[in-house]
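The values are calculated or read from the model by the stated rules, or taken from the named source; none is laboratory data. Here the structure is a predicted model, which means the values were calculated and not measured. Surface areas here come from the heavy atoms of the whole protein model, side chains and all, with no ligands, DNA or RNA. Shrake-Rupley method; radii C 1.70, N 1.55, O 1.52, S 1.80 Å.
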Amino acid sequence: MKIYKPIHLMKAVSPEKVNKISKLFSNHEDAPIQNGGKFDLTFVRYSPDTYFSNGDQIGELYQNGIFDPLVMTNYKFLALLLVCSSNPLVLFSDFSFKNADESDEAVESRGQIKELIESEKEVTRSFEFLKETGQRISRIELGIESARNKVVIYSNGNIGLSNNFPEALYEEVFSLIEFLFTGTVKNEK
């Protein structure tokens, strides 16, 4: 699995500058993955050591309005689940809570969510019980077209793509991540 940090480029940035920004997040040689659309979204490889050692420079770029990072909340995770339930290309696989305790309450909440998502119907019910129980989602695993094409979205805003994730399906991932930034589903009226 390759881990990426999705960033929304707020200003026009040359490909060379995107590569320089990418090197602040990771020492991997992979080129950043860009969507090239109106909503300028880029996935840069992520490695914690490199990211934390360059924190000041990354913070400066953020403060200067060069990019916005993806910030996840429980509500964004739940909204993503709602969107995924209506997209036949996106297959829900699994998820976990931040406090991975296996208390009866956590197991029950996890079971309720899995049951809602795995039902054949579009998910439209409220997830208020998560708020009531204080559960926080730490990651969601999805498949695009099949379980082989795995996408993991983490609570720290990172995403993981399976090592052999097909380029032809990047657009689907960009669409999901753009939704997490904007709250708007692509082609939604």
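For region 92-97, 3J(HN,Hα) computed residue by residue from phi via the Karplus equation (6.51, -1.76, 1.60; θ = phi - 60°) reads 5, 10, 6, 7, 9, 8 Hz, glycine and proline entered as x. For the cross-link pairs K2/K76; K17/K76; K2/K150; K20/K76; K2/K23, which exceed 18 Å when the distance is taken from alpha carbon to alpha carbon? Violating the 18 Å limit, Cα to Cα: K2/K76; K17/K76; K20/K76. Rolling a 1.4 Å probe over the protein heavy atoms leaves E145 with an accessible area of roughly 110 Å².
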